[in-house]
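Q: One structure coming up, written as structure tokens, with questions to follow.
Throughout, read-outs are computed from the coordinates displayed, never taken from laboratory work. All figures in this text were calculated on a predicted structure; none of them were measured in a lab. Glycine also receives a Cβ, built like all others from the backbone with ideal geometry; neighbour counts cover every protein chain displayed.
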């Protein structure tokens, strides 16, 4: 294995900030959910990279990756349910126009 | 003869796939294309896990992300009609402010990530299935059960949220 851990961390940070940019920039709620998934995936990559580096005693990082899988599945299911029920009340998925809870 | 260069080439290809796919998710106008490129990014990430020697995590990644989550997102795309829109209506109104706010944090994290020198290299010491299963079912058995309760709660919540109550 000749690829240093830092290279994986760099890829992970790039992926994370592309996800941040998507969440902050796009209007479409479904695309925002996709970008949240990208950010979770970047965190997974960083966790596995740190967990698999030489000398780490066990697989703790990978265990947290398994839990992040569970969280991601729950998050996308509930998020899509909220988007769909909001779409049923107002026919738009633009987060700029959904203002039902605006004070 | 050493085959180490193959790993470097694979790493470069997977990095290209991840960065290109993620940029496509953010900047593509057609939302179906965004969803499929998201699946492609997940697949490249699974390749990264294989490169790191975590084959079990890679299998979970393909099963859960490329399988389940992508199908769920594609259903979401299907149920909400999408129209191609002009590029001016593409981004939110607060985009410049958001960029101004995030750029310093991004620079900081990028500086840290690119200057990360460990000395030791990523190791591939056999499979990761046995240590992973030992950790999950012995040291982290209680969080594992809590995670299953969380999944149950999310499932019930999703059903309640999309149920029609008009009878």
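Q: If the elastic network links every pair of Cα atoms under 10 Å, which of B:107, B:132, B:43 fluctuates the most in the Gaussian network model of chain B?
A: Looking only at B:107, B:132, B:43, the biggest GNM fluctuation is shown by B:107.
Q: Moving to a separate point now. If you average the sequence gap of Cα pairs under 8 Å that are 6 or more apart and divide by the length of chain B, what percent do you get for the contact order?
A: 20 percent
Q: Something else about it: Within 10 Å of each Cβ in peptide B:154-162, how many partner chain Cβ atoms are there on average? Round it to a whole number, please.
A: If you average over the peptide's residues, the count of other-chain Cβ atoms is 6.
Q: Label 7 Å along Cα→Cβ of residue B:162; segment B:24-68 residues with amide nitrogen under 16 Å?
A: Answer for segment B:24-68: B:68.
Q: Please arrange B:95, B:41 by how many other C-beta atoms lie within 10 Å of their C-beta, fewest to most.
A: Listing B:95, B:41 from fewest to most nearby Cβ atoms yields B:95, B:41.
Q: How far apart, in nanometres, would the label points at residue B:23 and residue B:137 be if each is projected 7 angstrom from Cα along the Cα-to-Cβ direction?
A: Those two pseudo-labels are separated by 4.5 nm.
Q: Please order A:40, B:10 by the number of other Cβ within 10 Å, starting at the fewest.
A: Ordered from fewest to most neighbouring Cβ atoms within 10 Å, A:40, B:10 come out as B:10, A:40.
Q: Neighbouring Cβ atoms within 10 Å as the yardstick, rank B:78, A:25 fewest first.
A: B:78, A:25
Q: Let me ask something else. In terms of the Cα gyration tensor, with a ≥ b ≥ c the square roots of its eigenvalues, is segment A:1-72 rounded because a/c is under 1.5, prolate because a/b exceeds b/c, or oblate?
A: It comes out oblate by the Cα gyration axes.
Q: Take the Cβ-Cβ distance between residue B:30 and residue B:102 as r, set R0 to 25 Å, and report the resulting FRET efficiency rounded to the nearest 0.05.
A: After rounding to 0.05, the efficiency reads 0.45.
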